[in-house]
Amino acid sequence: MSKLGNLGARLHRGEVGYDFVGNRKIWYGISILITITAILGLTVRGLNMGIEFQGGAAFTTPKGMNASVSQAEKYAEDASGHDAVVQKLGDGSLRIQIAGIDTDQSDSIKKQLSKDLNVSSENIAADLVGPSWGDQIANKAWEGLAIFMVLVVIYLAIAFEWRMALAALVALIHDITITIGIYALVGFEVTPGTVIGLLTILGYSLYDTVVVFDSLKEQTKDITKQTRWTYSDIANRSINGTLVRSINTTVVALLPVGALLFIGGGFLGAGVLNDISLSLFVGLAAGAYSSIFIATPLVADLKEAEPQMKALRKRVLAKRAQAAAQGEQPEPEVTNHSDDDYDDEPEDAAAVVGPRTQPASRNRGRGRPSGKRR
């Protein structure tokens, strides 16, 4: 078995682990800092909306242009009086986008560009886009996002519980905010491809979250019938048990997206790939982070506020304090239980919850009674 596979098995069994839930205030602080940075970037710089949303014209030059991107950008801005976005395509042609111009302006800009670039105006393709089309796309995107959020909350509330639905919703909003903020800070153009990528990452983010929630739901059955572990302990065990799986699925998803972003968009100059790949790359990374560090710890906080869980926590801490006072080292797997232990703990409690301090000995208890008092 590989080292990663062995680590995953040990995490799943609870032999090793990291206290994600116990350090949740650190993760909350990091997320708040990142979110504030993203909101500031969005407020100060704003989004660089493409012509599909603002309206304008896109000019495509012939192949094999000798002019550089900076030269073409200067020519376009001088000819139009507006900011221009220029991309060099893989075949050597240039795509010049200018927002906020009408048909008459487009014709005059096209003629001026043909003179500056020393090409025939007939060889420059001009595509006009009205702002109403972009408004329709934006409205449909917001409608789709709202419907998706509502369905997610309803499904999770039915399949799990409302606290998990609320935590998943917070994680999704967290991912969307960070992704949009990165777009504002980087200055990438927002196109319909960006919207598609943004909606796509929601599914990936939700998948990782549901995997952890499913494990948590399974391991917290009859939790109040035992006195070894609090809800936060079991939540932490669920995160560690699915940690390697979440990392593997995220890395496998990020590799092709990274190829699109850094190779396709960077080296080949495919601007359309940049639009969708950046949102996917940032969203996938943020989704994996929020599933581990935000969603499950938030569920633990919400559950620990319940009266039953508060009472359970008091019993667990009291039992641990008593064991510490007697100089005992509590172990997850113990064969000799008292009558009280059997009354208030499920048989499989040790098998499903809590990190183990050391492997249990298989020889313990041999040749002795089962542990129940007559």
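Taken together, the values in this text are just the output of simple stated rules run on the coordinates, not laboratory data. The structure displayed is predicted, hence computed values, not measured ones. Counting neighbours? That spans all protein chains shown, and the Cβs are built from the backbone with ideal geometry, glycine included.
See the values below:
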read-out	value
Expected-Rg normalisation [2.2 N^0.38 Å, Cα atoms] applied to the stretch 202-250	1.25
Backbone N under 11 Å from the N118 label point (7 Å along Cα→Cβ), restricted to the stretch 36-80	66-67
Distance in nm between pseudo-label sites at A126 and T43 (7 Å out along the Cβ direction from Cα)	4.1
Whole-Hz ³J(HN,Hα) from phi, Karplus 6.51 cos²θ - 1.76 cosθ + 1.60, for the stretch 135-152, glycine and proline x	4, 5, 4, 4, 5, 5, 5, 5, 5, x, 5, 5, 5, 4, 4, 4, 5, 4
Modelled FRET efficiency - R0 41 Å, Q326 with Y155, Cβ distances, 0.05 increments	0.30
Pairs from K88/K111; K217/K319; K25/K225; K25/K221; K25/K303 whose Cα-Cα separation, in the structure shown, is over 18 Å	K88/K111; K217/K319; K25/K225; K25/K221
By average C-beta atoms within 10 angstrom, highest first, the peptides 180-190, 219-229	180-190, 219-229
5 angstrom amide H check on N48, placed H, neighbours 5+ away	V190
Calculated from backbone phi, Karplus (6.51, -1.76, 1.60) coupling profile of the stretch 37-48 in Hz, x at Gly/Pro	4, 5, 5, 4, x, 5, 6, 6, 8, x, 8, 8
J(HN,Hα) series, the stretch 287-298, from Karplus relation 6.51 cos²θ - 1.76 cosθ + 1.60, nearest Hz, glycine and proline x	x, 5, 5, 5, 5, 8, 9, 10, 4, 5, x, 5
The stretch 90-236 - Rg and Dmax from Cα coordinates, angstrom	24.7, 83
Using a Förster distance of 35 Å, the FRET efficiency for S108-I147 (Cβ separation, nearest 0.05)	0.20
Signed unit charges on C-beta, dipole axis of the stretch 24-82, positive-most listed residue T60, V44, Q71	V44
Radius 14 Å from Cβ of E189, net charge of other residues (Lys, Arg +1; Asp, Glu -1)	-2
Computed E for I26/I263 - FRET, C-beta separation, R0 35 angstrom, nearest 0.05	0.50
